[in-house]
Amino acid sequence: MYSWMPGKVDEFLDWKWSQIEPIFINLRGQQLDDKNIEPWLDEWSEISKILDETHWRLYDATTIATNDETAEERFTRFLDEIRPKARAAEQGLKEKLLSSGIIPDGYQVVLRDLQAQSEIFREENQALLSEEKKLVIEYDKIIGAQTVEWDGDQIPLLQLQPIFEEADRERREKAWRLSATRQLQDRQAINALYRQFLELRQSIATNAGLYNYRDYRWQELLRFDYSPEDCYQFHNAIESAAVPAAQLIYEKRRQRLGLKKLRPWDLAVDPDGKPALKPFGTTRELIEKSVKIFSQVEADFGDYFQLMYDENLLDLES
């Protein structure tokens, strides 16, 4: 364990940049050779993993309760004070490694990825990338506030999903229209947010010397094995092969349900009139049964899921 490493990730959540920066300064200052490259990469990987987990823990806290101002403030502080500086510091390490000419065994693909990431890094984009994350929070707030009254309770839209499996068609239609109506109430807000995303992301791509955000995102996601043109071909294949097949499936469903016309609220109900499956009744029961299933697949798999529950990393109520 490295001397700087916190005992638990939770301790790292509130670290200031002044506590993190020395780790990168030390890594940047080391001379690289074939003997020390592995421990150097290990330490860089460790701080990178902790920063990444911190990012997602703070973000997840804003999604669990989209109106939690404290969670939003902590994540915003991370976006403003830690993330841009950490990304810049990591860029320095990427440049150091790439310029060293050292290629550790098995690192050819890793170095290819680092090269691609390094090429699109721009100092002026770091604040913009943080602003992009803040827009994601605003979107989550809008979606998180979408609730409807159903059977006397105010519930999130996701909790209407089991209704679409019920045999009562009138209830299914009522639930679908209630959900769609509530979503449409936020149409203007989401459209306005989309325009902000569009402008911001185009600026990010332009700063990186790319024509559009798709090209930037393609390289950011390290998509080397297929091109945008391949995606267009795949789209056309779906249109010509999968859509007609889906139409046949929907027609069989319509006939089995005895309907003149299939509607959106008819797509989840059992076409043979069987009652909807209800494998669990509470969140606790879902977790317990999932642990048993995962453990039978692989013992470690069950342990990992149990750890996620113990660390309060699951948000399954909806």
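Tabulated results
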{"item": "Cα gyration tensor category, rounded, prolate or oblate, for segment 163-318 with a/c compared to 1.5", "result": "oblate"}
{"item": "Accessible-area composition of segment 132-180, carbon plus sulfur, in percent [1.4 Å probe]", "result": "50 percent"}
{"item": "Theoretical ellipticity at 222 nm over the chain - DSSP helices of four or more residues, -39500 (n - 2.57) apiece, nearest 500", "result": "-20500 deg cm²/dmol"}
{"item": "Among GLN255, GLN161, ALA127 - extreme Cα towards positive end, dipole of the chain, charges at beta-carbon", "result": "GLN255"}
{"item": "Probe 1.4 Å, protein heavy atoms only - accessible area per residue of segment 88-215 in square angstrom", "result": "58 Å²"}
{"item": "Accessible-area composition of segment 49-99, carbon plus sulfur, in percent [1.4 Å probe]", "result": "45 percent"}
{"item": "With all protein chains modelled, accessible area of PHE224 [1.4 Å, Å²]", "result": "90 Å²"}
{"item": "13 Å beta-carbon shell around GLN196, net charge (K/R +1, D/E -1)", "result": "0"}
{"item": "In segment 187-295, trypsin sites (Lys or Arg not before Pro) in a DSSP loop with at most 16 other beta-carbon atoms within 10 Å", "result": "ARG223, LYS260, LYS261"}
{"item": "Helix 108-120 vs. the chain, principal-axis angle (Cα, 0 to 90°, nearest 10)", "result": "90 degrees"}
{"item": "Per-q log10 I(q)/I(0), the chain, q = 0.12 Å⁻¹ (Debye; single scatterer per alpha-carbon; no solvent)", "result": "-1.19"}
{"item": "Pairwise centroid distance, computed over Cα atoms, of segment 193-217 with segment 253-292, Å", "result": "41 Å"}
{"item": "Surface share of carbon and sulfur [accessible, 1.4 angstrom probe, percent] for segment 195-307", "result": "57 percent"}
{"item": "Segment 1-155 pair-distance distribution - Cα-Cα, 10 Å bins, rounded %", "result": "9, 33, 30, 17, 7, 3, 1"}
{"item": "Rounded accessible area per residue of segment 216-318, 1.4 Å, Å²", "result": "77 Å²"}
{"item": "Rg to Rh, two decimals, where segment 1-57 supplies the alpha carbon set and Rh follows Kirkwood", "result": "0.99"}
{"item": "For segment 69-113, the fraction of alpha-carbon pairs in successive 10 Å shells from zero, as %", "result": "24, 33, 22, 17, 5"}
{"item": "Selected from ASP270, ASP14, ASP300 as most flexible by GNM, with the chain as the system and alpha-carbon contacts under 10 Å", "result": "ASP300"}
{"item": "Convex hull volume per residue in cubic angstrom - Cα atoms of segment 226-318", "result": "201 Å³"}
{"item": "Residue-by-residue Karplus 3J(HN,Hα) for segment 173-180, coefficients 6.51, -1.76, 1.60, Hz, glycine and proline x", "result": "5, 4, 5, 5, 5, 4, 5, 5"}
{"item": "0 to 90° range, to nearest 10: angle between helix 83-100 axis and the chain longest Cα axis", "result": "60 degrees"}
{"item": "Segment 267-272 - phi-based ³J(HN,Hα) in whole Hz, Karplus 6.51/-1.76/1.60, Gly and Pro as x", "result": "8, 10, 5, 5, x, 9"}
{"item": "Cα-based helix-to-principal-axis angle, 299-310 vs the chain, degrees rounded to 10", "result": "90 degrees"}
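The values are calculated or read from the model by the stated rules, or taken from the named source; none is laboratory data. Everything quoted here is computed from the prediction, not taken from an experiment. Reconstructed Cβ throughout: ideal geometry from the backbone, glycine too, with neighbour counts over all protein chains shown. To get the accessible areas, we keep the full protein, side chains included, count just its heavy atoms, and leave off ligands, DNA and RNA. Shrake-Rupley method; radii C 1.70, N 1.55, O 1.52, S 1.80 Å.
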